[in-house]
Each structure stands twice: as structure tokens, then as C-alpha cells.
Amino acid sequence: MRGGIFILSGAGLSAESGLKTFRAEDGLWEDHRVEDVATPEAFVRDPALVQRFYNARRAGVAAAHPNAAHVALAHLQATYDAPVHLVTQNIDDLLERAGATDVIHMHGEVTSALCGACGHRWPAPVEMAVGACCPACDAPTARPDIVWFGEIPYHMDRIHAALEASDLFVALGTSGNVYPAAGFRQLAQQSGIRTLELNLAASGVPFDEVREGAASDVVPAWVAEVLAS
Ligand code: APR
């Protein structure tokens, strides 16, 4: 049986669903650099600001809809005759709402809440309040289940195992700015795995193949080609 396909997606996958990318606009939110809002220190310094930031993103995700690229990836995963590992830096649930399964959210999920004290996870309310209590340990330590700058991304062992078991690495709609995700391409190339970039504009990082265009155009065309091969 041939190896699987490892697809690392970034904000460009959900851009046409109306969800902002990180580095396209000036990267500010309510006059704060995103990097200054999405950190453990920011949550200690101003928990109301951080909760407001994620409440706004959670509402944006709820109002968004999967685009043709999400649908194509879910179809590929359901149809391809080898595993399709959907690893995403995105915190939205649009791949799942398009029918994808086992999506690996290495930066967490805005639809999930986490207890900073006991580690319990539960579905996040649309509006998470400052000092909300954990339903398991009752401590007032509920936080967005997001991997903030300076924290360790989730599921790294699963991600490395999936990459080793694949014979194609695809970077989809990501600028390749943030490690460890940005390092997966190199790992793939060191393991002799073919690498493909699907992006609105080439990120300039060396891939074996680059296809430029909007995800909702490029991804369905690429999936159709893969399934026909
Ligand atoms: N179709 C395809 N690609 C697109 C589209 C589109 N319609 N629109 C934008 N892009 C591409 C851009 O060319 C860029 O390469 O999406 C990428 C967005 O890059 P970033 O904004 O840096 O987002 P991402 O790569 O996901 O950021 C990674 O950084 O801020 C942290 O944790 C955050 O997960 C995020 C991580």
C-alpha cells in the first residue's frame, strides 16, 4: 500500500470563508499586536482582553462556512486509498464541518475550553467569561484551549508519526513563519518525501512543486488530480 498524504494547513485555507489570516493585514487587533494578545503573559496581565479576543474569533468561526477547499480535503480523506493526515495550525472547525475526521489541531481549537488548573477540556461557550470555573475541578481557571506563543503545540508525536508514514507533504495556505510547523517541510525533505506548496502566492520556501492560486480553486483541482491518478 502506498504511503499517506500529510497536509499541513494554515490560515489561507479558511481565508475565503471570511476568517482573517495573521500576517496579511497589519496584524493588529483592538490596537494590540496579535502576538501580544495570544500569550500566557497576556492572559495573566489582562484576561478580559484575551477572552474578548477569542470570543470574537469564536463568533467569527460560528458565522463562517466551510469553503470548497475544506470540502475537497474532506472528500480526499474519505476517498483516497491511503491515509490523509489533516494537520492544521487553524483553530477553526471548518474542516470538521466539511466532513473531515481526526483533524489534528496543533494550535488548539477555539471551540474548546481548557482548565488551567486540572487540564480538563470541554466545549467552549460562545462567550467565555473571565474567571469562569472548570466543570471538573471548579477552579476559576477556564481559558481558551489555544496554544499561545511560548507554549508547546499539541499532538507533536502523532504529527511526526504521520509524517514518517507519508510519501507526500503538502503545505496549504501557510506562510511558514511559525515553528515547529514551519520545520515539517524540512523533515519531509530529509526523509525523501515529495513536497508540494498550495498557496495564494508562493511563500518562497523551496518545495518540489508549487501551485499558486486561491485555495478554493487550487485545492479542489489538485484533489481531483490526485484521485484520478
Ligand atoms: N488561498 C490560499 N492561500 C492563501 C489565501 C487563499 N485565499 N489567502 C491567504 N493565503 C496564504 C498567504 O499567502 C499566507 O502564506 O495564507 C498564508 C497565511 O499566512 P499567515 O497569516 O502567516 O497564517 P499561518 O501561516 O497560518 O500562521 C501560522 O502563526 O500567528 C500564528 O498561531 C498562529 O497558526 C498561526 C501561525
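If both residues of a DSSP beta bridge must be in the chain, then about 30% of such bridges are antiparallel. For residue 62 and residue 33, what is the calculated FRET efficiency with R₀ set at 35 Å and r taken between the beta-carbons, to the nearest 0.05? That gives a FRET efficiency of 0.90.
In the range 52-146, the alpha-carbon atoms span a convex hull of 93 Å³ per residue. Normalised by 2.2 N^0.38 Å, where N is the number of residues, the alpha-carbon radius of gyration of the chain equals 1.03.
What Kirkwood Rh does the range 1-45 have if only Cα atoms enter the pairwise 1/r average? Answer in Å. Averaging 1/r across every pair of different Cα atoms and inverting gives 13.1 Å. Among 44, 103, 126, determine the one that fluctuates most according to a GNM of the chain built with springs between C-alpha atoms less than 10 Å apart. Comparing 44, 103, 126 in a Gaussian network model of the chain, the most mobile one is 44.
Take each peptide in 62-74, 209-221, count the other Cβ atoms within 10 Å of every residue, and average; sorted highest first, the result is 62-74, 209-221. Working from Cα pairs under 8 Å separated by at least six residues, relative contact order for the range 1-119 is 32 percent.
Report the Stokes-Einstein translational diffusion coefficient (µm² s⁻¹, integer) for the range 47-104, Rh taken as the Kirkwood radius over Cα pairs, at 25 °C with viscosity 0.890 mPa s. Rounded to a whole number, D works out at 195 µm²/s. Distance distribution note for the range 99-229: the fraction of Cα pairs above 24 angstrom is 44%.
The angle separating the long axis of helix 68-79 from the principal Cα axis of greatest extent in the chain is about 70 degrees.
Residues of the range 201-229 falling in the label zone of residue 191, defined by backbone nitrogen less than 18 Å from a point 7 Å along Cα to beta-carbon, are 207-209. Computed across the range 1-102, the Kirkwood hydrodynamic radius from all distinct Cα-Cα pairs reaches 15.2 Å. Between residue 117 and residue 208, the distance separating the two model label sites (each 7 Å from Cα on the Cα→Cβ line) works out to 5.2 nm.
Based on Cα contacts under 8 Å between residues 6+ apart, the chain shows a relative contact order of 25 percent.
Other residues within the sphere of radius under 12 Å centred on the Cβ of residue 85, judged by their own Cβ, net out at -2 (K and R +1, D and E -1).
Measuring r between the beta carbons of residue 129 and residue 2 and using R0 = 45 Å, the FRET efficiency lands at 0.35. For the range 90-95, the Karplus equation 6.51 cos²θ - 1.76 cosθ + 1.60, evaluated at θ = phi - 60°, returns couplings of 7, 9, 8, 10, 5, 5 Hz by residue, with Gly and Pro reported as x. With a Förster radius of 30 Å applied to the C-beta separation of residue 48 and residue 156, the computed FRET efficiency comes to 0.45. Using just its DSSP H runs of length 4 or more, each adding -39500 (n - 2.57), the chain gives a mean residue ellipticity at 222 nm of -9000 deg cm²/dmol after division by all residues. Put in line by how crowded their Cβ is, counting other Cβ atoms within 10 Å and starting with the fewest, 104, 193 read 104, 193. Consider all pairwise Cα distances in the range 92-154 and report the whole-number % of them above 13 Å. Here the long-distance tail beyond 13 Å is 64 percent of all Cα pairs in the range 92-154. Of the residues 82, 8, 65, the one whose Cα sits farthest toward the positive end of the charge dipole of the range 1-100, with +1 on the Cβ of Lys and Arg and -1 on the Cβ of Asp and Glu, is 82.
Since every read-out is calculated from the coordinates, none of them should be taken as a lab result. This is a predicted model, so every value here is computed, not measured. Please note: Cβ atoms are built from the backbone with ideal geometry, for glycine as well, and neighbour counts cover all protein chains shown.
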